[in-house]
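For reference, the structure discussed in these notes is given below.
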Amino acid sequence: MKTSQLKSGSVVLFATAAAGNVQPSLVDTADVLPELASVIPQFLCHDNSMVIQQVNVTGCGTDPSVYGQVDSLTDPVTSCGYLSGEVVRQIASAEKAIGVKVEDFGKAQAYSTGALQALREDANWNSVTWEEGYFFSWEAKASVTDATGWPNMFEASHPYSTFWLATKNGNPTFPSAWDYTVAPGGYKGSRTWIRFGENICEQVVMPTAAPLPTPPTAPASTPAPATPAPEQPTPAP
């Protein structure tokens, strides 16, 4: 897997040639982020990041009318939709949250710290600085009509650029690094993640020290048989 990393100020782009191969695992929130357990009991996790939006055409199909707000995202294939704005705001406001990552299956991953603040404030990403690369094009439209806040986050100036939206021109749509209807090779899906500054993808279980082996018990010693006393001759009468 080929990965490149570019840095510019507080923004980092992680571009992965096989982003669609990521298979997040299901985590119990109470085990790793107890402060959010009442907000979202379980979540999909990979690389210290929590999924807050997902489309996987293998399980969702290619009709965006099935895409909408859901209470949870717990299956990496069949879960299709996005968490509510209130849930996303609470996750983004968690003390350990450090950034946002977007993924277009098979194309790229982009990471931004500025995008996190927009989720906290229910703003869009059109004023957020992103690095461009591997099919993402962050040239924002000057006057937005659809990017009104989660889940409608970014509206590009060019019709075949990045649109991270759930509704476009009044119609349901999928978030995509390209317009999903003309995505090279066909649209495969997308995810939005909130990244955390520590390991949240598994509960760390301290190994239990193995008990010391019990020394073998020495067999009880068997007393040696007594040696009979020599026979004394009987004295003559």
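For the range 46-133, GluC sites (Glu not before Pro) are listed when DSSP marks them as loop and at most 11 other Cβ atoms sit within 10 Å of their Cβ; the list is 95. The modelled label-to-label distance for the pair residue 158/residue 28, using points 7 Å beyond Cα in the direction of Cβ, is 4.9 nm.
Surface composition of the range 96-181: carbon plus sulfur atoms contribute 49% of the solvent-accessible area (1.4 Å probe, protein chains only, all chains present).
For the range 112-181, the relative contact order is 25 percent, taking Cα pairs closer than 8 Å that sit 6 or more residues apart in sequence and dividing their mean separation by the residue count.
Applying 1/(1 + (r/R0)^6) with r as the Cβ-Cβ distance of residue 171 and residue 143 and R0 = 22 angstrom yields a FRET efficiency of 0.65.
The shape of the range 49-110 comes out oblate: with a ≥ b ≥ c from the C-alpha gyration tensor, a/c is at least 1.5 while a/b does not beat b/c. Residues in the range 98-103 carry Karplus couplings, in order, of 10, x, 10, 10, 10, 9 Hz; the curve used is 6.51 cos²θ - 1.76 cosθ + 1.60 with θ = phi - 60°, and Gly or Pro positions show x.
What whole-number value in Å² describes the accessible area per residue of the range 31-155 for a 1.4 Å probe?
Dividing the accessible area of the range 31-155 by its residue count gives 40 Å².
The values are calculated or read from the model by the stated rules, or taken from the named source; none is laboratory data. Being a predicted model, the structure only gives us computed values, none of them experimental. All Cβ positions, glycine included, derive from the backbone under ideal geometry; neighbour counts span all protein chains shown. These accessible areas exclude ligands, DNA and RNA; they are computed on the full protein's heavy atoms, side chains included. Shrake-Rupley method; radii C 1.70, N 1.55, O 1.52, S 1.80 Å.
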